[in-house]
Amino acid sequence: MSTGSNIPQVRKLVTAIPGPKSQALMQRRSDAVSAALGMTIPVMVEKAGGGVIVDIDGNSIIDMGSGIAVVSVGNSADRVVKNVINQVQAFTHTCFMVAPYMGYIEVCEALNRLTPGTGKKKSALFNSGAEALENAVKIARRFTKREAVVVFEHGYHGRTNLTMAMTAKNMPYKDGFGPFTPEIYRMPMAYPFRWPGGAENCANEALDVVLHKIEKEIGVNRLAAIVIEPIQGEGGFIVPPKGFIAGLSKFCTDNGALFIADEVQTGFARTGVMFACEDEGVVPDLITTAKGIAGGLPLAAVTGRADVMDSVHAGGLGGTFGGSPIACAAALGAIATIEEEKLCDRALHLGKIMRESLLGMQKTYAIIGDVRGRGAMQAIELVLPGGIEPNSAALASIVKYCQVNGVLILSAGTYGNVIRLLPPLVMPENLLLDALEILNQGIAQAI
Ligand code: PLZ
């Protein structure tokens with residue numbers, strides 16, 4: 001497996017984390033940047049590639065987050081870099097709505113080909129995941145001439161006004177930012193680990209509860225769309241039981257509503273298939289993508305049924321920068337990398353290594369309540385031993401231990417007690433094993 005990077009693929013610490021140069025620059029960060037922006041690790045990045053991030057003190061840190069599931073093909077992947085350089089030299093911007101160019105069309109063709117379903121599909125491109133979600137809802141409302149949108153507990157869809165309304169968690173995403181847009185209805189999520197009737201009954205009960213609530217509390221004839229992440233990302237890698245997603249999709253089809261899969265985090269090979277809903281045998285009416293689509297450049301898309309995508313009046317969708325030629329060039333490089341390097345298979349392989357390791361740790365440590373995920377999207381949920389009470393104190397201690405030992409891992413979850421692993425799919429195996437060993441030590445010292 002080529003990492004596409006000439007940076008040595010090792011964990012190497014030459015200073016404490018953060019090192020002196022990083023520490024000195026953090027003052028400039030806080031003087032210049034709004035205090036509202038978070039920060040997972042206080043080091044200043046100099047370069048990154050394959051499975052490592054190198055900071056300005058020369059520390060080489062294993063990247064177990066991929067910039068939140070973005071650099072699946074690695075940082076500075078060859079095909080991405082070459083395409084971007086060529087594109088910048090040719091032209092940087094015309095605005096696709098003003099004067100079109102082929103990169104945009106080719107990305108749409110690739111999305112129409114790669115997303116589930118054999119029917120005629122079309123796409124439109126945007127800048128961010130939130131913008132893709134906004135547009136998916138606009139399209140669904142225009143097509144169905146209905147307004148109600150169903151979303152789920154623990155769901156995350158963005159930080160704009162409409163997507164804040166769709167996102168479940170108040171702090172930090174919504175607190176004080178209201179009022180929010182109306183006609184968004186939140187349903188219970190099929191969350192096996194915390195299902196009130198027990199994990200074994202989640203599959204049977206969750207779908208009934210949700211469909212009943214939609215019928216009684218919203219009215220089926222008012223339902224424009226159900227929007228759901230096939231595996232919830234920020235919510236803590238919650239994997240609904242088989243049949244839940246398919247049941248929602250069927251309900252939409254039977255009732256003239258649209259089923260929208262938010263694959264912003266799960267898409268582009270992350271879960272071992274190109275799109276996670278393939279594993280459910282579900283063909284969404286619309287699918288939103290971003291993150292892993294363009295190797296780190298900002299790009300997002302809505303793809304779906306041609307009749308739905310074409311139902312919007314001419315000029316009804318767009319934006320100055322949406323589908324920038326540079327981001328499209330990067331996406332074509334990233335998609336070629338995913339296909340030619342068989343990164344779906346690679347995601348399954350890395351996923352198997354992570355899962356076996358995490359299940360082993362669960363046997364040893366009573367604070368690991370649940371191990372879950374699919375492909376190279378794996379998580380552990382931390383609890384107080386013997387129950388399901390969230391253990392966010394352990395999480396903080398583990399994340400910190402990993403950082404000071406040169407491993408960057410991300411947290412997630414409504415209760416702030418989930419550790420999620422999202423390595424670049426090109427990460428060498430020995431680096432992944434090294435990161436898992438540090439995680440293991442981090443858990444051991446936290447109990
Ligand atoms: N839908 C499923 O995961 C982004 C958010 C990071 P944007 N998740 C990372 C943060 O704290 O802001 C996300 C997602 C799903 C939509 C989005 C939104 O994508 O590109 O961040 O707008």
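The values are calculated or read from the model by the stated rules, or taken from the named source; none is laboratory data. Small disclaimer: the values here were computed from a predicted structure and weren't measured. Cβ: placed from backbone, ideal geometry, glycine included. Neighbour counts: every protein chain shown.
For Phe321, only one of the following conditions fails: (1) within 14 Å of the ligand (Cβ to nearest atom); (2) crowded, with 20+ Cβ neighbours inside 10 Å; (3) under 29 Å from Cys95 (Cβ atoms). What is its number? In the conditions (1) within 14 Å of the ligand (Cβ to nearest atom); (2) crowded, with 20+ Cβ neighbours inside 10 Å; (3) under 29 Å from Cys95 (Cβ atoms), Phe321 misses (2) alone. Among the conditions (1) of a type outside the set (A, V, I, L, M, F, W, C); (2) out of contact with any strand residue (DSSP E or B) (no Cβ under 6 Å at 6 or more places or on another chain); (3) closer than 14 Å to Thr303 by Cβ, the only one that Asn135 does not satisfy is (2).
Take the residues in segment 344-380 that are of a type in the set (Asp, Glu) and out of contact with any helix residue (DSSP H, G or I) (no Cβ under 9 Å at 6 or more places or on another chain), then tell me which one is farthest from Ser411 (Cα to Cα). By that ranking, first place goes to Asp345.
Closer than 20 Å to Ile409 by Cα and in the same structural domain as Ile380 (by TED's automatic domain parsing): is that true of Asp31 in this structure? For Asp31, the condition - closer than 20 Å to Ile409 by Cα and in the same structural domain as Ile380 (by TED's automatic domain parsing) - is not met.
Select from segment 156-166 the residues that are hydrophobic (A, V, I, L, M, F, W, C) and touching a helix residue (DSSP H, G or I) at 6+ places or on another chain (Cβ under 8 Å) and write down the one among them that is surrounded by the most Cβ atoms within 10 Å (Cβ to Cβ). Per the criteria, the residue is Met166. Listed by first and then second residue, the pairs with beta-carbon distance under 9 Å, at least 6 apart or on different chains, first residue in segment 297-318 and within 30 Å of Val71 (Cβ to Cβ), second basic (Lys, Arg) and within 16 Å of the ligand (Cβ to nearest atom), are Ala300/Lys291; Leu317/Lys138. What's the number of the only condition in (1) touching a residue at least 40 places away in the same chain (Cβ under 8 Å); (2) assigned by TED's automatic domain parsing to the domain that holds Leu350; (3) more than 25 Å from Lys82 (Cα to Cα); (4) buried (at least 18 other Cβ atoms within 10 Å of the Cβ) that Gly51 fails to meet? Looking at each condition in turn, Gly51 falls short on (3). Taking segment 108-147 as the range and being closer than 12 Å to Met309 by Cα, within 16 Å of the ligand (Cβ to nearest atom) and of a type in the set (Gly, Ala, Ser) as the test, the residues that pass are Ala124, Ala136, Ala140. Filtering segment 324-367 to residues that are surrounded by fewer than 20 Cβ atoms within 10 Å (Cβ to Cβ), outside any helix (DSSP H, G or I) and charged (D, E, K, R) leaves only Lys342. Hey, could you check segment 168-190 for residues that are within 16 Å of the ligand (Cβ to nearest atom) and in contact (Cβ under 8 Å) with a residue 40 or more places away in the chain and say which is surrounded by the most Cβ atoms within 10 Å (Cβ to Cβ)? That would be Met189.
Among the residues making up segment 70-89, those that are in contact with a strand residue (DSSP E or B) (Cβ under 9 Å, 6 or more places away or on another chain) and surrounded by 24 or more Cβ atoms within 10 Å (Cβ to Cβ) are Val71, Gly74, Asn75, Ala77. Of the strands (runs of 3 or more DSSP E) that lie entirely inside segment 228-306, those containing 2 or more residues that are of a type in the set (Val, Ile, Thr) span 286-289, 300-305. Of the residues screened, Val383 is one that is outside the structural domain of Gln232 (by TED's automatic domain parsing), of a type in the set (A, V, I, L, M) and in contact with an Asp or Glu (Cβ under 7 Å, 6 or more places away or on another chain). For Glu153, the criteria (1) surrounded by fewer than 21 Cβ atoms within 10 Å (Cβ to Cβ); (2) more than 18 Å from Ile214 (Cα to Cα); (3) within 16 Å of the ligand (Cβ to nearest atom); (4) in contact (Cβ under 8 Å) with a residue 24 or more places away in the chain hold in every case but one, which is (2).
The number of residues in segment 274-295 being more than 12 Å from the ligand (Cβ to nearest atom) and either hydrophobic (A, V, I, L, M, F, W, C) or within 13 Å of the chain's Cα centre (by Cα) (or both) comes to 6.
Pick from segment 230-273 the residues that are within 16 Å of the ligand (Cβ to nearest atom) and of a type in the set (Asp, Glu): which of them is farthest from Gly219 (Cα to Cα)? It comes out as Glu234.
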